[in-house]
Amino acid sequence: MSTILSVDISRDRRAPAKARSAIASLNGHVDESMVPDAKLLVSELVTNSVKYGSGELVTLKITSDGPQSMRVEVIDEGAGFVPVARSRAATDVGGWGLHMVEALSDRWGVHEGSTHVWFDLSR
């Protein structure tokens, strides 16, 4: 896979919008039907990174082996986490980000002991 985009984003309230804008710049590099899902998922992951992570920057990295697939990675300097199932009522606000990642991506994961989360999309 070759890197088609790597960008460092300041960890602030504007980070999710900057990440969505970076994904929008992929038009022409990946199948345009993947862009809306990628924007939604990266927004969720970057929001989590800003809310729970640490360090000054969040790194967004996108790799692809062709226009029909992409891997999106969101990396910060947080202490790491283990994904767990949601234990709150379905009517509670928040906490749906990783569920959306699981539902909309082909595969996803976390590098063990880190806050380096990735997901794959393909068409």
- [ ] Tabulate in residue order the Karplus-calculated ³J(HN,Hα) for segment 22-32, using 6.51 cos²θ - 1.76 cosθ + 1.60 with θ = phi - 60°, rounded to whole Hz; enter x for Gly and Pro.
- [x] 5, 5, 4, 6, 7, 3, x, 9, 10, 3, 4
TODO: Quick one: net charge around residue 117, please, counting Lys, Arg +1 and Asp, Glu -1 for every other residue with C-beta under 14 Å from its C-beta.
DONE: -3
Open item on the list: Less than 9 Å Cβ to Cβ from residue 59, Lys/Arg counted +1 and Asp/Glu -1: what total charge do the surrounding residues give?
Closed with: -2
- [ ] For residue 11, list long-range residues whose amide hydrogen, built 1.01 Å from N in the peptide plane, is under 5 Å from its own amide hydrogen.
- [x] 57, 58
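Every read-out reported here was derived from the displayed coordinates using simple, explicitly stated rules and does not represent laboratory data. Predicted, not measured: the structure shown is a model, and the values here were computed from it. So basically every Cβ, Gly included, is an ideal-geometry build from the backbone, and we count neighbours across all protein chains shown.
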